[in-house]
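I have placed the structure first, in the form of structure tokens, so that the comments after it can refer back to it.
The values are calculated or read from the model by the stated rules, or taken from the named source; none is laboratory data. The model shown is predicted, which means the values in this text are computed figures rather than measured ones. A quick note on method: Cβ atoms are made from the backbone with ideal geometry, for glycine too, and the neighbour counts reach across all protein chains shown. Please note that ligands, DNA and RNA were not included when accessible areas were found on the heavy atoms of the full protein model with its side chains. Shrake-Rupley method; radii C 1.70, N 1.55, O 1.52, S 1.80 Å.
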Amino acid sequence: TMREELQSVLKSRFRSALIRVRNTKRITQEEMAALLEISPRAYADLESGRSCCSAATLLMFLRLFCPGDHPFLAELFAAVEEEDGAPGAQL
């Protein structure tokens with residue numbers, strides 16, 4: 001199905017992007033996990049291809065490492081910052 005194909009491509013491309021960014025920044029898996037606000041084990045699973053990222057992890061990655069002016073993402077991140085500190089307002 002289209003959904004399965006999308007998940008397969010996302011897993012592969014995201015894995016490659018994680019490795020590329022981590023190597024470029026010269027940081028450890030543990031440091032990358034901390035930046036993405038996930039456990040080191042969850043990060044290792046992403047980088048090895050054992051799991052696919054959650055929407056929140058993908059958005060954290062985009063925010064940290066893929067700056068751009070996409071209106072949807074800009075609005076989403078602005079809303080999160082606006083609600084920062086409110087109960088349940090975490091990305």
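Computed from phi, the 3J(HN,Hα) profile of the stretch 65-78 under the Karplus parametrisation 6.51, -1.76, 1.60 (θ = phi - 60°) reads 10, 10, x, x, 10, 5, x, 4, 5, 4, 5, 5, 5, 5 Hz, with x in place of Gly and Pro.
Taking Cβ atoms as reference points and 15 Å as the exclusive limit, the residues near A42 contribute a net charge of 0, counting Lys and Arg as +1 and Asp and Glu as -1. A simple count of charges around A33, restricted to other residues whose Cβ falls under 12 Å of its Cβ and scoring Lys, Arg +1 and Asp, Glu -1, yields -3. Ligands, DNA and RNA left out, the accessible area of the chain computed with a 1.4 Å probe is 53% carbon and sulfur. Adding -39500 (n - 2.57) for every DSSP H run of four residues or longer, then dividing by how many residues the chain holds, sets the calculated 222 nm ellipticity at -22500 deg cm²/dmol. Average accessible surface for the chain: 72 Å² per residue, computed with a 1.4 Å probe over protein heavy atoms with every protein chain in place. Converting phi to 3J(HN,Hα) with the Karplus coefficients 6.51, -1.76 and 1.60 and the offset θ = phi - 60°, the stretch 21-31 yields 5, 4, 5, 5, 7, 6, 10, 7, 4, 5, 5 Hz in sequence order, with x at every glycine or proline. The calculated FRET efficiency for E31 paired with C52, based on their beta-carbon distance and R0 = 22 Å, is about 0.55.
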